[in-house]
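Notes to accompany the following structure.
The values are calculated or read from the model by the stated rules, or taken from the named source; none is laboratory data. Source: prediction; values computed, not measured. Backbone-built Cβ (ideal geometry, glycine too); neighbour counts: all protein chains shown. Only protein heavy atoms, including side chains, enter the accessible area calculation; ligands, DNA and RNA are left aside. Shrake-Rupley method; radii C 1.70, N 1.55, O 1.52, S 1.80 Å.
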Amino acid sequence: MTAQRLDGRKLAKTIENDLAPKVAALTREIGRPPRLVVVLVGDVAASASYVKSKAAAAKRVGITADVFSIQESTTTAELVSTVEAIGRDEHGPADGILVQLPLPDHVDARAVLDAVPPDRDVDGFHPVNAGLLSQGRPHFIPCTAAGVQKMLLDAGVKTRGKHAVIVGRSDIVGKPLALLLASRGPGGDATVSVCHSHTSNLKEVTQQADILIAAVGIPQLITADMVKPGAVVIDVGINRISDGGTSRLVGDVDYDPVADVAEAVSPVPGGVGPLTVAMLLENTFSAAKERKKRSFMAE
Ligand code: GUN
């Protein structure tokens, strides 16, 4: 069997095409484009590249994206006060604020993320947004988790009553995705298992998955023998490996052999990555729209 390739680029393009006229209409209403402020700390090449993609996608749909590049040697206190100042619009109107992760080890990432006002937290990482999601009344949903659910919905994958196994328990992907897939309604109602580094006999669990999601950051961890025939496999990993003299991107899934067993597999690159960016654009548009509503009510 050769699995269906779940094309995230194509779906992201459709989402952008739907969003662009809505952004144009909002721009006319508020007299300026919605604006996303991205805080990028240090010079990790992968982070710089992700931020570049986010800014380019924002531009394509008419959202302004400004990147605040801050040196690696910054402190937690400095970063918190920078994010707070951005949140008070001291550097121009900031409808959405995103702090690119990872932050340097000496920085308390939680303190920095907590400084993003929840109503501009387009990453959905603030405890208020994490709490709302856990209670089944989501506001901003973390972009990668939302992108995975979108991919499943778009491909017509039934989640209700299915066993979804997530490998990885991060705050960014694994945890919010577990909540989404277990929530009531379309794209939810699944029975969810979350595996992690202490899961004994990982293969025994993954073999039971109707939907298998790898979000652990270990290159090609998921091999064909770990996948139930006919399963849908979503690869969230983006890992750079060196192959002889060159380097290339691979996911957490060993794509070719897994594609012989699975019904559908998302590739890396071109799978979940573009959807993460598309969900960020949707969240930023929503943040700007909600802000307009709040200012209208305050008049
Ligand atoms: N680093 C890796 N993924 C993400 C993400 O979704 N948001 C942010 N801010 N940083 C990341």
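Pick from Ala288, Ala224, Ala298: which is more than 16 Å from the ligand (Cβ to nearest atom), free of Cβ contacts under 8 Å to residues at least 12 places away in the same chain and either in contact with a helix residue (DSSP H, G or I) (Cβ under 8 Å, 6 or more places away or on another chain) or over 22 Å from His163 (Cα atoms) (or both)?
On the way: Ala288 fails: free of Cβ contacts under 8 Å to residues at least 12 places away in the same chain; Ala224 fails: free of Cβ contacts under 8 Å to residues at least 12 places away in the same chain.
After applying the criteria, what remains is Ala298.
Which residues, taken from region 144-154, are open to solvent by less than 20 Å² (accessible area, probe 1.4 Å) and touching a Gly at 6+ places or on another chain (Cβ under 7 Å)? Matches in region 144-154: Met151, Leu152. Cβ-Cβ under 6 Å, sequence separation 6+ or interchain: first residue in region 146-175 and under 30 Å from Ala109 (Cβ atoms), partner open to solvent by less than 30 Å² (accessible area, probe 1.4 Å) and assigned to a strand (DSSP E or B). Which pairs? Qualifying pairs under 6 Å: Val148/Ile234; Ala164/Ile211; Val165/Leu212; Ile166/Ile213; Val167/Cys195; Val167/Ala214; Gly174/Ile166. When Val38 is tested against the conditions (1) hydrophobic (A, V, I, L, M, F, W, C); (2) touching a helix residue (DSSP H, G or I) at 6+ places or on another chain (Cβ under 6 Å); (3) part of a helix (DSSP H, G or I), the lone failure is (3). Only one entry of Ala48, Ala58 meets the criterion of being surrounded by 18 or more Cβ atoms within 10 Å (Cβ to Cβ), small (Gly, Ala, Ser), at pLDDT 95 or above and within 16 Å of the ligand (Cβ to nearest atom), and that entry is Ala58. Each residue in region 65-90 was checked for being of a type in the set (S, T, N, Q) and surrounded by 14 or more Cβ atoms within 10 Å (Cβ to Cβ), and 3 of them qualify. Look at Thr191 and say whether it is open to solvent by 60 Å² or more (accessible area, probe 1.4 Å), away from the ligand (no atom under 16 Å from the Cβ) and among the hydroxyl-bearing types (Ser, Thr, Tyr). Judged against the criteria, Thr191 is a match.
The set of residues in region 241-266 being acidic (Asp, Glu) and under 19 Å from Ala155 (Cα atoms) consists of Asp260, Glu263.
Scanning region 91-124 for residues that are within 19 Å of Phe285 (Cβ to Cβ) and open to solvent by 40 Å² or more (accessible area, probe 1.4 Å) yields Pro93, Pro118, Asp119. Where helices (runs of 4 or more DSSP H) fall entirely within region 89-156, those with at least 3 residues that are under 21 Å from Ile213 (Cα atoms) and either at pLDDT below 95 or of a type in the set (A, V, I, L, M, F, W, C) (or both) are at 143-154.
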